[in-house]
1. Using the per-residue mean of other Cβ atoms lying within 10 Å as a proxy for protection, in what order, highest first, do the peptides 28-34, 386-392 fall?
2. Could you give the Stokes-Einstein D for the range 493-532 in µm² per second, using the C-alpha Kirkwood radius, 4 °C, 1.567 mPa s?
3. By the scheme Lys and Arg +1, Asp and Glu -1, what is the net charge of all other residues having a beta-carbon under 15 Å from that of T131?
4. Taking the Cβ of R83 as the centre, find all other residues whose Cβ is under 13 Å away and add up their charges (Lys, Arg: +1; Asp, Glu: -1).
5. Output wanted: per-residue J couplings in Hz (rounded whole) for the range 73-87, from phi through Karplus 6.51 cos²θ - 1.76 cosθ + 1.60, θ = phi - 60°, x for Gly and Pro.
6. Counting only protein heavy atoms and a 1.4 Å probe, tell me what percentage of the range 83-146's accessible area is made up of carbon and sulfur.
7. Suppose accessible area is computed on protein heavy atoms with a 1.4 Å probe; arrange K167, K108 from highest to lowest.
8. Considering only A196, A175, P79, whose Cα is most displaced toward the positive end of the charge dipole of the range 67-213, charges sitting on Cβ of Lys, Arg (+1) and Asp, Glu (-1)?
Amino acid sequence: MRVPRVSTPRSLAGQLFAMQAVLIAVVVTGYALFTYVSNRSQAEDAATRQATAVARSVADSPSVLAAIRTPNPTAELQPYALRVTRDTEVDFITIMNPRRIRWTHPEKDQIGQTFRGHIGGALEGQTFTETYTGTLGPSVRTVTPVEDGGRVVGLVSAGIRVEEITKRVQDQLTALLGVATGALALGAVGTYVTNARLRRTTHGMNATELSRMHDYHQAALHAVREGLLMLDGQYRVALINDGGRELLGVSSEEGVVGTSVADLGLPAPLTGALLASEPRVDEVHLTADRVLVVNTSPVSGGERRGTVVTLRDVTELQSLMGELDSERGFTQALRSQAHEAANRLHTVVSLIELGRAEEAVDFATAELELAQALTDQVVAAVSEPVLAALLLGKTAQANERGVELVVSDDSRLDDGLLPESLSSRDLVTILGNLIDNAVDAAQGSVPARVTVTAYTERGELVLRVSDTGTGVDPAHAESVFQRGFSTKPAGPGGRGLGLALVRQAVNRHEGSLTVAEAAGGGAEFEVRLPLGDGGGGERAAVSAVPAGPVSGGDA
């Protein structure tokens, strides 16, 4: 059974080469044919002018007129006609009387014979040219009169054979064909070199394959949910998919393509990463409302051609990681408290075994009252369940690190006061990161204390966190909110993201975030979030805290 052969379409470069070769061949052939026809016409015109000039010169020669007057004109005219024929490169000069009888001819036996051709116009004193077949074959000939006092006494005919004209054209045609062949060869070589490069560029694919690849390319760009950004060698946007436009917050692809990365209005750290010449691997960057993981890879092929950028949205993942960290902290705090509770329980059991029941009851009661007092203090000040749970967990974490976390007496936040637009996740992000930053700053100081204040004032939720840390240079008051800033050594997961996430969440709710020097030293961060129509009641404005150094927590 014969397997049918499947013919593979010729590559795009091959198709273009064939088309260009045929086009060059047609152009060169057409030019050669046009030149041949033009040259033949020019050769005939040149032969006509040459024959006319020779005939007129002979007819006007005084020696010719003198010879015609003699009894035997042939004796003088024949040598003269042969000499002029040789010198002027015409094929024949025939001098005759008005009755067509030849006095001269290149062939001697034709002398005295009748001239073949028309002489009517010449007998009337006119000079004319015609193509006629005479004794020497077809020729272009001119006939002109020889006049003596206004009377026609003879005729002169000078001509060039058509065969000679054709030979002249053929000589030109040979040179023309050589030039045309050279032009065709040069064009073929140039076309081959150009298409060889095109073949490398298109990887030998034909037009159908390129079209199919383009369709797949477009479908893949729109199907990929991750952001894809391609920059040219001048860091201008060459391509961006739907995911990239969504993650970067740009409106339309038409308005972005061709725009420099520096003109997209992105945060400075993200712009710097996109403009960097070296690759970036899994860098975390913040936009107005997203946390992005950025990877860049230069495209090079002997020279820098551009950069491929991938963007991955980890906003939800980062939030979940924050919650997971909080849960992990709570778990560790509970483990520690369980260990302490076991120690206290062993103490109570030991006191009972020693017969000191009253002391055991007093010891257990004191521990319960201390724990209950802490819970009562937090719940009394902040009855909003999410924030209350967060504060209780953070209090236990801070105690494990030797830091006292207290809720100020100015705090008052009732349950149901916060609107639905202010999500619990954002509250945990804001307050949780501020407390973590403050605990980092206060750890090791004496006293090591973090104070949290939460209340509503004139339609705003106010969250204030202060610490007793050592503070940092006031010049860093704005830098602490930049991603990557930290006065602490970088840990395994990196630092400098907490306060950046706080500012992102605050900006998302159109709030404000400020930092100043706390009353007892260290830093005081204050967040104000609008509550809308569901905002809380009135409260006296808090007096401004003088600016000064801020504490060195993890930004």
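The values are calculated or read from the model by the stated rules, or taken from the named source; none is laboratory data. Quantities reported herein were computed from a predicted structural model and do not represent experimental measurements. Please note: Cβ atoms are built from the backbone with ideal geometry, for glycine as well, and neighbour counts cover all protein chains shown. Just the protein is used for accessible areas: all its heavy atoms, side chains included, with ligands, DNA and RNA removed. Shrake-Rupley method; radii C 1.70, N 1.55, O 1.52, S 1.80 Å.
1. Ranked from most to least packed, the peptides come out as 386-392, 28-34.
2. Details: Rh = 11.4 Å.
D, rounded to a whole number, is 113 µm²/s.
3. -1
4. Surrounding charge for R83 is -2.
5. x, 4, 4, 9, 6, 4, x, 4, 5, 5, 5, 5, 4, 5, 6
6. On the way: 1370 of 3120 Å².
Carbon with sulfur: 44 percent of the solvent-accessible area.
7. Working: K167 115, K108 155 Å².
Heavy-atom accessible area, descending, gives K108, K167.
8. With unit charges placed on the Cβ atoms, the residue in question is A196.
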